[in-house]
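Read the structure below first, then the notes.
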Amino acid sequence: MRPLDEKNNEIAQLAVDTLAENKQFVRAVTSYADNHEILAREDIYSQNGIKLIPNGTRISKKFYDRLVAHKLLKPIEQSLAISDALDARRLVELTHAEAHRVPSLAPMLENRDLLDKMHGLLGDIQLPAPLALKLSVIRVDQPDFFQHCLITAMLSMVLALRANLSREELRALALASIFHDLGETCIAPDIFAPQHKITEAEYRHLYTHPITGYLMLHEFSEIPEETAIAVLQHHERLDGSGYPYRLPGEQIGKVSRFLAVAEFCSSLLQRYGADKRIQLKLWLNRSRYDKQAMEVLFKLFADTDCPLPKSPNEAILMTRLTRIGKIFEDWRTLREGFSAADVDAISYFIKRVNSLQMLLLEFGFDKARIDEILSLSSVGDPEICMEINILIEELARGFKDLYGEVQRKIAIYGSTLETSVRERVHDWLMRACLLADDKVQ
């Protein structure tokens with residue numbers, strides 16, 4: 001799989017351009033250099049031949065404006081040297097230590113030789129100096145991001161060892177876990193703030209980050225090609241709903257599929273901890289992820305005594321459940337008005353909405369059940385409240401993911417829908433996405 005596939009040339013070119021500019025990492029590394037010694041190990045030039053910083057110069061924040069005023073001849077990290085960069089052995093130790101600070105991971109780490117196995121797999125890898133520099137800067141500049149990478153790496157190793165992956169797959173997966181979101185270092189951290197409303201242009205940059213990460217890794221011979229491919233594919237999903245290429249099923253590499261599961265679980269752990277929501281969310285998403293990796297994960301959490309979460313606010317819960325019923329009633333009305341050409345043009349959209357409706361049915365929440373629950377003065381059972389809340393959260397996530405998929409398709413292929421139909425579909429989807437903005441306390 002080449003990043004610059006013909007159909008995706010525009011979005012891949014955006015990744016190339018983003019990597020060439022990369023103002024975000026220039027900001028991070030010059031700020032980091034104020035407190036850590038970083039030297040230019042060669043003359044740093046702009047693409048049009050201007051010498052910006054001489055060889056041997058100590059870098060600091062004062063060089064930021066000069067560097068971002070030009071397109072650099074090569075990525076800034078390739079021209080810098082740091083004395084205390086992270087190496088593979090130190091990364092293994094940090095990964096193990098970070099995982100021990102997450103209480104819900106403790107049962108997974110009872111195997112005493114896990115750390116030895118990780119050292120055996122990764123300890124002798126020579127990280128390319130530019131990548132070691134990047135990790136050192138990220139650790140200080142974006143500690144939450146760095147923590148997520150470490151927890152993902154630990155989960156990846158546990159999954160891979162229990163699934164008996166080959167040594168080559170294990171090494172590729174461990175490295176891919178550490179570097180899986182490397183492309184996000186080119187994106188302004190502000191867009192990940194919980195209250196930030198992502199613009200269409202920001203969405204396009206976000207979709208490119210797997211390609212950007214691939215491009216960063218692909219040029220280093222020390223990094224296995226399977227690692228770079230896993231970074232490229234870690235947001236692909238078995239049902240074809242992922243990005244950047246919407247690859248289905250077996251077109252996604254095995255290492256990529258294991259990485260996707262580990263990253264998904266890592267995000268859930270960091271958001272919720274290991275209560276019963278984890279098991280339920282994993283089950284709801286089982287069709288989107290690798291069966292073997294998910295079975296290992298189910299067993300890991302089945303062996304863990306997960307408590308119930310705090311009960312949500314019932315009044316808000318019922319309001320959101322009412323809105324779900326209305327959203328799907330409106331969809332049925334909208335769907336009935338589609339022509340055969342409309343159905344063909346947005347078949348992927350209809351398929352995604354149908355899959356969201358299936359979530360309701362899998363939970364036993366058809367319209368009659370929703371009406372029955374809404375007629376009650378109180379649900380009463382905390383476990384039922386949790387299940388309803390998780391269902392709503394998954395539907396909200398599904399609607400937001402669908403919006404993202406629509407934006408990706410329009411950005412790459414344009415739209416063939418008639419304007420009036422496109423506006424009605426957009427209006428329905430915007431109302432559905434508002435479900436995600438209602439927070440159950």
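A few comments on the model shown:
- Scanning segment 227-242 for residues that are touching a residue at least 60 places away in the same chain (Cβ under 8 Å) and either surrounded by 24 or more Cβ atoms within 10 Å (Cβ to Cβ) or assigned by TED's automatic domain parsing to the domain that holds residue 75 (or both) yields 232, 233.
- Matching option when the condition is of a type in the set (A, V, I, L, M) and in contact with a Gly (Cβ under 8 Å, 6 or more places away or on another chain), among 33, 40: 40
- Residue check, residue 91 within 30 Å of residue 122 (Cα to Cα), surrounded by 15 or more Cβ atoms within 10 Å (Cβ to Cβ) and either in contact (Cβ under 8 Å) with a residue 40 or more places away in the chain or of a type in the set (S, T, N, Q) (or both): yes
- Pairs, first at negative phi and of a type outside the set (Asp, Glu) in segment 20-34, second surrounded by fewer than 16 Cβ atoms within 10 Å (Cβ to Cβ) and not in a helix (DSSP H, G or I), C-beta under 8 Å, six or more apart: 20/71; 24/188; 30/60; 33/58; 33/60
- Residue 97 satisfies every condition listed in (1) in the same structural domain as residue 265 (by TED's automatic domain parsing); (2) of a type in the set (A, V, I, L, M, F, W, C); (3) touching a residue at least 24 places away in the same chain (Cβ under 8 Å) except (3).
- Number of residues in segment 191-226 that are touching a Leu at 6+ places or on another chain (Cβ under 6 Å) and free of Cβ contacts under 8 Å to residues at least 40 places away in the same chain equals 2.
- In segment 60-88, of all residues being without any contact (Cβ under 8 Å) to a residue 40 or more places away in the chain and under 28 Å from the mean Cα position of the chain (by Cα), the one that is farthest from residue 21 (Cα to Cα) corresponds to 88.
- Just one of the listed residues (204, 277) is surrounded by fewer than 21 Cβ atoms within 10 Å (Cβ to Cβ), touching a Pro at 6+ places or on another chain (Cβ under 8 Å), assigned by TED's automatic domain parsing to the domain that holds residue 95 and more than 26 Å from residue 165 (Cα to Cα), namely 277.
- Pair list, Cβ under 7 Å, 6 or more apart: segment 122-150 residue over 17 Å from residue 95 (Cα atoms), other residue assigned to a helix (DSSP H, G or I) and not small (Gly, Ala, Ser): 130/77; 130/78; 133/77; 141/32
- Residues (in a helix (DSSP H, G or I) and over 19 Å from residue 186 (Cα atoms)) located in segment 28-68: 62
Let's see how each residue does on (1) assigned to a helix (DSSP H, G or I); (2) more than 26 Å from residue 404 (Cβ to Cβ); (3) of a type in the set (S, T, N, Q):
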residue	(1), (2), (3)
146	yes, no, no
149	yes, no, no
164	no, yes, yes
174	yes, yes, no
183	yes, no, no
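- Of residues in segment 346-366 being over 14 Å from residue 426 (Cα atoms), among the hydrophobic types (A, V, I, L, M, F, W, C) and assigned to a helix (DSSP H, G or I), the one modelled with the lowest pLDDT: 361
- Test: residue 257 is basic (Lys, Arg), out of contact with any Pro (no Cβ under 7 Å at 6 or more places or on another chain) and at pLDDT 95 or above: yes
The values are calculated or read from the model by the stated rules, or taken from the named source; none is laboratory data. These numbers come from a predicted model, not from an experiment. Cβ coordinates were reconstructed from backbone atoms using ideal geometry, including for glycine residues, and neighbour counts include every protein chain displayed.
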